[in-house]
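This report concerns only the one structure given below.
The values are calculated or read from the model by the stated rules, or taken from the named source; none is laboratory data. Quick caveat: nothing in here was measured; it's all calculated off a predicted structure. Cβ placement follows ideal geometry from the backbone for every residue including glycine, while neighbour counts extend to all protein chains displayed.
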Amino acid sequence: MRSTTSQHLNRTGLSNAPKLARELVQGTRSTRPSSEGNAESMASVRIAYSRNGEPVGSIPPPDPEAAPSKALAGAPIFLDKLGERLAFERSGVRLYDALLSKFDAFGTWKNGPARADLEEIRKDEFAHFMMLRQAMVDLGGDPTAVTPSADVHGVASQGLVAVLADPRTTLGQSLEAILVAELVDNDCWENLSDLATALGKEELAEKFQDALTEEREHLRRVRSWLGAALNQTATGELGDVFLARAKERERRTAGRAAERQVKTKRKRSGSAKPKRASARNGAKKASKRGAKTGRRRAQAR
Ligand SMILES: [Fe+2]
Ligand SMILES: [Fe+2]
């Protein structure tokens, strides 16, 4: 693993040059700002623009080639969020492409990712993209259109792309950007799955739930690789504190998954109160899923 320090002297701090720092502060007092106004007047301009400005895009019109029965069969907000996740998963494939280049350039570390791990996650992101593309087509939407929410997430993610595309960043630093992407992705898949359930699109909700399970595994792996990198860089070994944190996260994730399955099952059966048997079945399924995940982890090691 390449060190993040270099032979170049970092001159960004003022404390290395106290004389120049004093001159800089004096300079700010002896010159006038280039324009009038202060923070309050900036805020009033922002508010005026926000109230009178255009919204960020709009929901695209239905695909003219779609069958009439399918024409925009989804609520506008659902198509908006579907378009958002679709664009994010497509970008996710490209982020992992860039991450693979970092792997090839710098190599990995003990308990860090293998090339096959990164390729596997990239494959998942691509499969999610294809599944969402089909869902959008089935609902009569245009999978190539940029929806408002896709636009917002695209702008918010620009920094992640910049980190991965910077030739100076290491595999570890790039994984920090991937961590941000996976955290956002996990929350947004939860929202999309819940939205599908709320709209009575059970089949899609189930597919989204499966994608969420895979995304949770991505997040777990990225966290563990980063933890191993940080610990080894700091102490030269893999510390217990990082292993304990990883175990705690796994426990929390398994608990949430079991709870969620029981809730979904209860909702589908229309029963107000949890039945003991259905709760047991939900927990059983979750533990089966946990075993499957465990096998994947073992293979990854
Ligand atoms: Fe993803
Ligand atoms: Fe992911």
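Laid out as a table, the results:
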quantity: Residue that is nearest to ligand 1 (Cβ to nearest atom), among those in the stretch 166-195 that are under 29 Å from Lys110 (Cα atoms) and among the polar types (S, T, N, Q); calculated: Asn186
quantity: Contacts under 8 angstrom Cβ, first residue in the stretch 249-261 being more than 18 Å from Ser193 (Cβ to Cβ), partner of a type outside the set (Phe, Trp, Tyr), 6 or more apart; calculated: Arg249/Arg220; Arg249/Arg223; Glu250/Arg220
quantity: Residue that is farthest from ligand 2 (Cβ to nearest atom), among those in the stretch 52-100 that are at pLDDT below 85 and part of a helix (DSSP H, G or I); calculated: Pro68
quantity: Any hit, the stretch 101-118, residues being crowded, with 18+ Cβ neighbours inside 10 Å, modelled with pLDDT of 95 or more, charged (D, E, K, R) and in a helix (DSSP H, G or I); calculated: yes
quantity: Among the residues listed as Val155, Val163, the single one being within 30 Å of Lys110 (Cβ to Cβ) and away from ligand 1 (no atom under 16 Å from the Cβ); calculated: Val163
quantity: Val184 aliphatic (A, V, I, L, M), within 11 Å of Arg85 (Cβ to Cβ), within 14 Å of ligand 2 (Cβ to nearest atom) and outside the structural domain of Ala257 (by TED's automatic domain parsing); calculated: yes
quantity: Residues (more than 18 Å from Leu171 (Cβ to Cβ), out of contact with any helix residue (DSSP H, G or I) (no Cβ under 6 Å at 6 or more places or on another chain), in a helix (DSSP H, G or I) and not charged (D, E, K, R)) located in the stretch 196-230; calculated: Ala198, Thr213
quantity: Residue selected from the stretch 148-173 under the condition small (Gly, Ala, Ser) and under 13 Å from Ala98 (Cβ atoms), by the criterion surrounded by the most Cβ atoms within 10 Å (Cβ to Cβ); calculated: Ser157
quantity: Complete set of residues in the stretch 126-142 that are assigned to a helix (DSSP H, G or I) and in contact with a Lys or Arg (Cβ under 8 Å, 6 or more places away or on another chain); calculated: His128, Phe129, Met131, Leu132, Ala135, Asp138
